[in-house]
Amino acid sequence: MSDRTKLFFARTARVLFRKTTIALAVLVGGGYALATHPPIESVGRGEVGIRLNRFSGATTQSREGAVLIIPGLHELRRYSLQDQTYHPVRSSKADGEAPFQSAEGLSLGVDLTIRYALDPVKLTAVAKNLPDDITTEVVEPVVQGVIYKVFTRYTVREIFSTKRQELQDVIEADLKPLLAADGIVLRSVMMGNVDLPADYRAGMDKLLAVELETEKMQYTLQLKEKQVKEAELQADAAKVTREKNAEAAANETIIAAKAQEEAMKHVLPFKQKQIEQRKLEAEADKGSRIKIAEGTAEARRIEAAGEADSRHKLADAEAYRMELVGKVASTQMERDGELISKHPLLIQKTLADKLSDKISVIIAPPPADGGFIGAALLGGGQHARDGKTVAAAETEQ
């Protein structure tokens, strides 16, 4: 074997030994690195992992779970996908470190809450440009630059009461595109307590009290107007109701009149028949009464004739009785006259007998002319004679 061939083999052996040594060293170093620094890292719940290749600059997004990270080649950044909030604490008080300025130039504090979250869609593209502290280095400067500019457009009164919602909407509209450029989604802007200067607050309270009183008066006037309108509507409704009732009553009257007219068409013939029937009944009653009257009159005539006949017979009987009684009396008087003529004292005795219960003793002289002994007691003889004369004259007549 020549020397040149030996030299070639010697050099080849040295090269192989050197490469084998280097390979073993690399394997030993890699094994040590894997043992001390495992190539597996994990992404927690609610997070997203961005793996950055240091050589190529490529990024890969990983969600919850394990991620292969080669030391020296890859870099893993973890970002929370949960909503986060930012409070400008230095601007929450009117006498704080950095109060807001209104359109009038007054300092005031506002309790703001900015709610935001990372956009997982844009995160992969902007991850290599995002700082570690997103809130301090990205959100805070953008929010401060917007809210100070927005508050200078409004007065204290508008910020405090009338345009709070509009102010929130304007801040949200200005912040959304600025934060979206950095892969941040703005959820909402909430404005809480507004801290005013003491002097301005006192004046604002008085002004609000006056405004509240004014609004109260306006509400009272509106209520009165509504009550007046309600009364008008009620009056109109009552009027309409009355009109409807009147129309209904008129319609009912018309319907009743038509029904009555229709009924009269049937009632009038019936009434006519009743009138004719009553006429016939009246004529029959009249004829009956005439017959009864004629019968009654005939009966009365018969009764009158019978009564007249009876009275005539009674009168004849009475006359016959009186005649007999007169005859008996005349006969008796004749006998008495004859007896008295024979015995004149019989009259005195009879008178004494009649007066015996009233007069105890009667002393009377006998008349000289032989007349009645009691003539003197009864009023004298002259009167007796006058009486007899009158009686005789009446008898003759």
With label points built 7 Å along Cα→Cβ from the Cα atoms of Ala198 and Phe17, find their separation and express it in nm. 9.2
Each label point is 7 Å from the Cα along the Cα-to-Cβ direction; what then is the distance between the points at His87 and Thr5, in nm? 9.0
Estimated FRET transfer efficiency when R0 is 41 angstrom, pair Ala231-Ala259 (beta carbons, to 0.05): 0.50
Place a point 7 Å from Cα of Leu207 in the direction of its Cβ. Which residues in the range 96-130 have their backbone N less than 17 Å from it? 101-109
Amide H to amide H under 5 Å from Leu112: which residues, 5+ apart in sequence or cross-chain, H placed 1.01 Å off N in plane? Gly192
Quick one: which residues, 5 or more positions from Ile184 or on another chain, have an amide H under 5 Å from its amide H? H modelled 1.01 Å from N in the peptide plane, none for Pro or chain starts. Asp119
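Just flag the trypsin sites (Lys or Arg not before Pro) in the range 91-180 sitting in loop per DSSP whose Cβ has no more than 14 other Cβ atoms within 10 Å. Don't skip to the end; give the middle numbers.
Details: sites: Lys93, Arg115, Lys122, Lys128, Lys149, Arg153, Arg157, Lys163, Arg164; in loops: Lys93, Arg153, Lys163.
Listed in order of number, the matching sites are Arg153.
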Check cross-link reach from Lys291 to the aspartates and glutamates: straight Cα distance under 14 Å, and skip same-chain residues fewer than eight apart. Glu283
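Coordinate-derived values only; no laboratory data. Treat the numbers as computed from the prediction; the structure is a model and nothing was measured. Neighbour counts run over all protein chains shown; Cβ positions are idealised from the backbone, glycine included.
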